[in-house]
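All remarks here apply to the structure that follows.
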Amino acid sequence: MAALIDGARIAAGIRARVAEEAARLAGQGVVPGLAVILVGEDPASAIYVRSKVRHTRAAGLASFEYALPDTLAQDALLALVQRLNADDRVDGILVQLPLPAHIDADRVLDAIDPRKDVDGFHPVNVGRLSTGTGGLTPCTPLGCMKLLDTVIEDYRGLQAVVIGKSNIVGKPVAMLLLERECTVTVTHIATRNLPDIVRAADILVVAAGAPQLVRGDWVKPGAVVIDVGINRVDGAEGRRIVGDVAFDEMGHAAAVSPVPGGVGPMTIACLLENTLRAARRRAGRGA
Ligand code: NAD
């Protein structure tokens, strides 16, 4: 039987460590603060934001929330970002994506001070990730690596296959695996012979948004499988959430992360950790 990589438990441990460190910093007069901006009424985004705010507060960080109408002008959003860049109480700024169509998301992300870019999407942080020179790392890819770290000691020379090449998951997770000296193959919708490529993987990270795309016979015995996908599907028992991996067919893997309860909770835990890191750096208290 494959070992279950319990993201909910691992994430709870990270949040507890963040809370401890935040309490220690508060004793020195530094209260890390996270500002979250939500534009419009996308129901999934609203749920994510509520959860982020709840965990931010529970960890003892300051939370600044901005729920704005979807008619908001781009210039008004850019002005808010500039205000938060200059606000000393704010260490992290997160703009919940997607933004309404009339707003250029790249322009908004580019406007965030890279030192406060806790999502790690600013070009400066993307560049730092690709050169392996620090910066703030995107939360979901960082969460994937923390899950892998619980079951892999030595990454050197392992074959890693990533399915999906998005800027928020696929590409950054590939960079992180490369940094650990894996041999990395990034695949996507136009990849030919995907099952054959996946069969070579010691590590498989799947971020495609395609329900149960990866079948059991694609996966090599002993591989480690991280499922990033979150797909809402309708079945006989109503609506449920499934990943990009056919979980029930993964018995021969060494370890697999479930959906839900795998990568999902890690994303918020890593967001809190990034906020703490940004606060420490801004306060001149280390890496
Ligand atoms: P995206 O749509 O931006 O990118 C999907 C990528 O997968 C693309 O590069 C595409 O080429 C590739 N792809 C799609 N279908 C494929 C197929 N059949 N075969 C091979 N490649 C295929 O998506 P994203 O934002 O990277 O998110 C991917 C999934 O991860 C989604 O289900 C999303 O909900 C989930 N997600 C989860 C978290 C989390 O916190 N757990 C965070 C971000 C995204």
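The values are calculated or read from the model by the stated rules, or taken from the named source; none is laboratory data. Computed from a predicted model, the values in this text were never measured in an experiment. No Cβ is skipped: glycine too gets one built from the backbone with ideal geometry, and neighbour counts run over all protein chains shown. Only protein heavy atoms, including side chains, enter the accessible area calculation; ligands, DNA and RNA are left aside. Shrake-Rupley method; radii C 1.70, N 1.55, O 1.52, S 1.80 Å.
Worth a mention:
- Over the chain, DSSP H runs of length four or greater, each weighted -39,500 (n - 2.57), average out per residue to a 222 nm ellipticity of -12000 deg cm²/dmol.
- Solitary cysteines of the chain, where the nearest other Cys Cβ is not under 4.7 Å: 144, 182
- Taking the DSSP beta bridges with both ends in the stretch 171-287, the antiparallel portion is around 40 percent.
- Solvent-accessible surface of the stretch 134-287, averaged per residue with a 1.4 angstrom probe and all protein chains in place: 44 square angstrom.
- Derived value for the chain: Kirkwood hydrodynamic radius 19.6 Å. Basis is the mean of 1/r over every pair of different alpha-carbon atoms.
- Using a probe radius of 1.4 angstrom, the carbon and sulfur fraction of the accessible surface of the chain is 53%.
- Comparing the stretch 97-192 with the 2.2 N^0.38 Å rule of thumb, its C-alpha radius of gyration ratio is 1.16 (two decimals).
- Short-range pairs are left out: with C-alpha atoms under 8 Å and at least six residues apart, the relative contact order of the chain is 22 percent.
- Here r is the Cβ-Cβ distance between residue 189 and residue 6 and R0 is 45 Å; the resulting FRET efficiency, rounded to 0.05, is 0.90.
- Normalising by residue count, the stretch 7-96 has a Cα convex hull of 82 Å³ per residue.
- DSSP-loop GluC sites (Glu not before Pro) across the stretch 171-264, with at most 13 other Cβ within 10 angstrom: 181, 237
- Once all protein chains are placed together, residue 102 keeps about 100 Å² accessible to a 1.4 angstrom probe.
- Equivalent-ellipsoid semi-axes for the stretch 205-287 (Cα gyration tensor, √(5λ), whole Å, largest first): 32, 17, 9.
- Here the stretch 170-222 yields Rg over Rh of 0.94, to two decimals, using C-alpha coordinates and the Kirkwood radius.
- Counted as membrane-span-like here are DSSP H helices of the chain whose alpha-carbon atoms extend 27 Å or more along the helix's own axis and whose Kyte-Doolittle mean is -1.0 or above; these are 7-27, 263-282.
- In this structure the amide hydrogen of residue 62, modeled in the peptide plane, comes within under 5 Å of the amide hydrogens of 33, 34, none closer than 5 places in sequence on its chain.
- For 145, 1, the ranking by accessible surface with the largest value first comes to 1, 145, using a 1.4 Å probe.
- Largest to smallest in accessible area, the residues 247, 121 fall in the order 247, 121 (1.4 Å probe, all protein chains included).
- Those lysines that a straight Cα-Cα span of less than 27 Å connects to residue 220, excepting residues fewer than 8 apart in one chain: 146, 165, 171
- Amide H to amide H distances under 5 Å link residue 68 with 38, 39, 40, where only residues 5 or more positions off or on other chains count and H is placed in the peptide plane.
- Sorted into 10 angstrom bins from 0, the C-alpha pair distances of the stretch 245-287 split as 25, 29, 22, 17, 7 percent.
- Stokes-Einstein D for the stretch 154-273, Kirkwood Rh over Cα pairs, 37 °C, 0.692 mPa s (µm²/s): 226
- Beta bridges per DSSP with both ends in the chain, % antiparallel, nearest 5: 15
- For the stretch 8-60, accessible area per residue (1.4 Å probe, heavy atoms of protein chains only), Å²: 50
- Per-residue surface analysis assigns residue 183 an accessible area of about 70 Å², computed on protein heavy atoms at 1.4 Å probe radius.
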